[in-house]
Structures are given as C-alpha cells and as structure tokens.
Amino acid sequence: MRADSQRLPSGESRIALFITILAFSDFTGGFLLGVVPSATPAVGRMLDVSAADLNWSSAAHLLAAGVGVPIMARLGDMYGHRLLLRIALLSSLTGAALCALAPGFGVFLVGRMLEGAVAAITPLAAGIARDRLEGQRMRRALSSLFVGLTAGSAVGLLAAAEIFDATSNPRVALWMPAIGFALALVLLFTAVPETVDRARVRPDWAGYLTIGVGLAALLLGISKGALWGWTSAATLGCIIGGGAVLVVWARIELAVQDPMVDVRAAVKRQVLPFYLAAATFGCAYFGAQTATSLFMAASADSVGYGFQLDSTHLALALLPTSVVGMAGAMCVAPLAARVGHKRMLYTGTAAITVGYVLMATLHANLTEFLVGGCVCQYGLGLTFGSLTLVLAERSARSHTGIATGLVSTMRNIGGSASGAGFSAVLSAITVAHTDVPRESAFVVVWLVCGLGAVVTGLIVATARERRHAENQVLPPVPQEVAGDGAA
C-alpha cells in the first residue's frame, strides 16, 4: 500500500463519484467526436465553403491534437493532471463555442484547433486515476474512461442526427458539446483531487518544440497526401521533413538531463512493442470508420450495395455496435487480472480480425453485417482500453500522462495513415466512368483493417513480460516528488 494512501478518495460512494466524473469528462470528448463530423457538411453549406476547403476542419483538429497531447500530458505529469485537465476542458469549451458562433470559416478553424485539446482528456484522466487509485479499482477507473468515450461518441452521433432532423441548423448541434464541457468543468472542481506524485524535472522546451513541429509536419503530410498528391513536393517535404525533425527530437531527448520522454527506457522490449502496436491498432480502429458509414448509407438500387440509411437510422443501426464496444472496454479490468496484459490484447485483436472478416463476407444483409460489426467493436473496445492500461501500469506514476499520451499519438498517426490510404483505395476502385466506389473497394478496406489487427497481435507477442511487481516503477524515470494535493 502506498504511503500516501490517506490521500485516496475514501468510501465507495466517493470513489464511485470520482470515477464517474472522470468518465463523464471522456464522455464529453466522445460526444464532440460524434457531433462535429455529422455537422461539418451543414457548416460548409452555411458558411459557403467548398468540400476541399472543408477538409481543413478535420486536418486542423488532427494537427492540434497530435501536437498538443504529448505536451499537455507531460505538463500534467509535472504540474498536476487535474490542472491540465481543466485547461484541456476549457480549451475544448472555448473551441466549441467558437465553432457554434463562427461568422466565417477562419473562426471555425480556430475553434476546431482549440477543440484538439479534447484528445488530451483520456491521458490526463488516466494520470489522475493511476495516482489516486490502486489495483482493480484503478483498472476499473481506466475502463470507465473508454466506456465514457465510446458512449459519448454514440450519443453524439445520434443527437446530431435528431437535431438536424428537428432544426436543420448545425449551430444548435455545435452548442451541445460546449454545454457538456462546461458541466464537466464544474464537476471537476467538486470531487476530483489533484495528483500527488509528480515529476520534479525542468521543462524540456527544446523537446516540446521539436516534437510539436515534427508531428505537425508528419500529420499534415499524411492527411493531405491524397489531395496534394503523394509524390508532390509539399507532401514529401512534410513527411520527410517531419521525420527528420523527430529524429532531431530523439537526439535531444537522449542528450538532455530531464527529457520529455526517456527514450532509452521507451525503446525497451517491455514497452516499445506496445507503442508500435498502438500505431497498427490505429489503422484498424480509425481506418474503416468512414468507409463503413459510406457503405451503410449507399443505396443498393443505385450502386448495388448498401442499406440506404439516413443519418438518424445510421446512428441507430450503429448503436448496438457501440454498446458492445463499451462491453469490451468494461472487460479490460477483469481480463487484466485473470490472463495478463498480452493475452488480453491477443483476445482483442482476434475479435477485431474475426469481426472485419465477417463484415467483408456477410454484408448483403444488415443484420448479418451488424453481427460482424459487433464482434469487431468488442475487440476494438477491449484493445483500445488494454493498450492504455498496459502502458499506464508499465510506467512510473509520475509518467502516466506522457506514457498514455504517446499511445494516443501513435494511434492517431496510424489512423491518419490508414485514413489517407483507404481514401485512395475508395477513389481508385470505382464503378466504370464514375467516382462511386465499387463493393470490392470496401471489402479491401475491411480486410486490410483485419490484417492490421493481426499485425498488432504479432507486435504484442514480441514484448517481454515484466520482471517487476505490478505497481513497481518500469521503466526507470527521473526523480519524483509527492506534490501538494490541495486545489
């Protein structure tokens, strides 16, 4: 038992409230992710923005999230995860309000960039849970974060569809995440204490700058490659330049006394395979989302496939898969205790593979298709939660933020690469003399995503088992201090 265990929430009711508030914070993030993609086409019509320019909405959000998550996560390790979580929620609230009020597309893009802070909610909340709870309670708390995120996304998608049907005004839908962020901020001040174990290190400003520039360039090149052309000077310059800057960042981290990331520890076989697995998992997690929605919305009478679902019926059809995904996340804590990290991830990646194969082979009937989707979502929920739990438990308490933040960053890099690649697939495999994707194009996407899950499992298999007790520090980290837990 930790020496500072008296700082932990006391009583089951207080612990339940503590976990619920953290989960609700993630729910608001998921809600935003469900609402905005649905509202964006209507925003384009309202602000008179072309489809090509509108693509910058997701690109701006992705860049801000990719750059901001590792920096905010590390600052949370140093100055308190609750403080940075408040900042992340305030930034997201401000961004959501700007998007809802935007008189022009420029202001809307600024709002989308501020909303990028939403991606830091999970690693910061995980840092609080890791610091304040132990054992199965900590694992259940982490599971609740992923349940909240998945539930928020499903509710946001359905709420946006219902609001559009009722009002046809995207601004009404865009205000909903702002209300959620405001409520989460209020709750965060009531029953969530600050983290106690913090890293007593100096800020690594050179590391923050280089990782920010490197990730921004890399993600920009990946996300815009299809539009600019994969062999264009702009795309290659961003990807190669971003990679070169990240090499400089790694050299800086190896040289400074207080690095943002302990690179020597991060490349050890107890942890490195899980970071790499997060990237390939990102391909399976994000890669098929757009393709699956397009397939389900397509009309079989017109193109020979699809179920002709409008936004509301699409959200309702996907609701069972979201519920099963939440069930997968809820299994993280008991499976981690019973079978361990690696077997838990094997279970998740196997379910993803089976689910995508079912989707690729049984997609003529909606019920059969959703069965495959449910199997897949169970595995996605389980694997999503497992990777964050594994890296949280294999890091020092004062490094939980950056450890889980890097998982999110790697997952986003993999998702961006697969999204761009699958966009090219859907554009290349089309019905003759049209830009409509063939049925086989969607099959390719699903099978490649299933293959990504297989690769994820194989990468996990290369990881070494821990030689230390569950809560012992692994890998070695700089000196820590128990900070003041007062507000």
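Apply the a/c threshold of 1.5 to the C-alpha gyration tensor of the range 1-160 and tell me whether it is rounded, prolate or oblate. Verdict is prolate for the range 1-160.
As a calculated quantity, the FRET efficiency between Arg264 and Ala297 at R0 = 41 Å, using C-beta atoms, amounts to about 0.25.
Over the Cα atoms of the range 211-332, each weighted equally, I'd like the Debye log10 I(q)/I(0) at q = 0.09, 0.17, 0.19, 0.20 Å⁻¹, rounded to two decimals. Rounded to two decimals, the profile gives -0.47, -1.04, -1.10, -1.13. Answer with one residue from Val431, Tyr285, Gln257: the one whose Cα lies farthest towards the positive end of the charge dipole of the chain, charges on Cβ with Lys, Arg +1 and Asp, Glu -1. Sorting the options by dipole projection puts first Gln257. How many percent of the alpha carbon pairs in the range 151-263 exceed a separation of 25 Å? Tail fraction, whole percent: 60.
As a rough guide to protection, the peptides 240-252, 117-129 ranked by mean Cβ packing within 10 Å, highest first, stand as 117-129, 240-252. With unit charges on the beta carbon (Lys/Arg positive, Asp/Glu negative), name the residue among Val172, Thr94, Gly328 whose Cα is farthest towards the positive pole of the charge dipole of the chain. Working it through, the farthest residue towards the positive pole turns out to be Gly328. Taking the chain as the reference, fit the longest principal axis to its C-alpha atoms, fit the long axis of helix 439-461 to the helix C-alpha atoms, and give the angle between the two in degrees, 0 to 90, nearest 10. Helix 439-461 sits at roughly 20 degrees to that axis. Here the dipole of the range 6-165 is about 660 debye; that uses its Cα centre as origin and unit charges on the Cβ of Lys and Arg (positive) and Asp and Glu (negative).
In the chain, a dipole from Cβ-located charges (positive for Lys and Arg, negative for Asp and Glu) runs towards its positive end, and of Gln270, Ser386, Ile459 it is Gln270 whose Cα lies farthest in that direction.
In this Cβ point-charge picture (+1 for Lys and Arg, -1 for Asp and Glu), the range 163-281 has a dipole of about 240 debye about its Cα centre. Residues in the range 327-392 average 34 Å² of solvent-accessible surface per residue, probe 1.4 Å, ligands and nucleic acids excluded.
Relative to the longest principal axis of the Cα atoms of the chain, helix 81-101 runs at roughly 30 degrees.
Under 1.5 on a/c is rounded, so check that first for the range 61-143, then, if it is not, pick prolate when a/b is larger than b/c and oblate when it is not; a ≥ b ≥ c are the square roots of the alpha carbon gyration tensor eigenvalues. In terms of gyration-tensor shape, prolate.
Straightening the chain between Asp310 and Ala166 buys 50.4 nm, computed as 0.36 nm per residue apart minus the Cα-Cα spacing. Kindly express, to the nearest 10 degrees and within the range 0 to 90, the angle between helix 105-115's C-alpha long axis and the longest C-alpha principal axis of the chain. Helix 105-115 and the main axis of the chain meet at about 40 degrees. A Cβ-based charge dipole, computed about the Cα centre of the chain with Lys and Arg at +1 and Asp and Glu at -1, lands at about 1360 debye.
Residue-normalised convex hull volume from the C-alpha trace of the range 332-377: 53 Å³ per residue.
Looking only at Cα atoms, what is the convex hull volume of the range 158-198 per residue, in Å³? Write out the running numbers ahead of the final one.
On the way: hull volume 4.0 nm³, N = 41.
It comes to 96 Å³ per residue, whole-number rounded.
Take the solvent-accessible surface of the protein heavy atoms, probe 1.4 Å, and return the percent of it on the range 331-458 that carbon and sulfur atoms account for. C and S atoms contribute 68 percent here.
Ordering of 99-106, 275-282 by packing is 275-282, 99-106, highest average first (other Cβ atoms within 10 Å, averaged per residue). I need the shape label for the chain. Rule: rounded when a/c is under 1.5, else prolate if a/b > b/c, else oblate, with a, b, c from the alpha carbon gyration tensor. Here the chain falls in the rounded category.
If you roll a 1.4 Å probe over the range 222-315 with all protein chains in place, what percent of the accessible area is carbon or sulfur?
Answer for the range 222-315 is 64 percent, counting heavy atoms of protein chains only.
Per residue of the chain, the DSSP helices (runs of n ≥ 4 H) give a summed -39500 (n - 2.57) that works out to -26000 deg cm²/dmol at 222 nm.
The values are calculated or read from the model by the stated rules, or taken from the named source; none is laboratory data. This one's a predicted model, so the numbers in the text were calculated from it and none came from an experiment. A quick note on method: Cβ atoms are made from the backbone with ideal geometry, for glycine too, and the neighbour counts reach across all protein chains shown. Heavy atoms of the whole protein, side chains included, go into the accessibility calculation; ligands, DNA and RNA do not. Shrake-Rupley method; radii C 1.70, N 1.55, O 1.52, S 1.80 Å.
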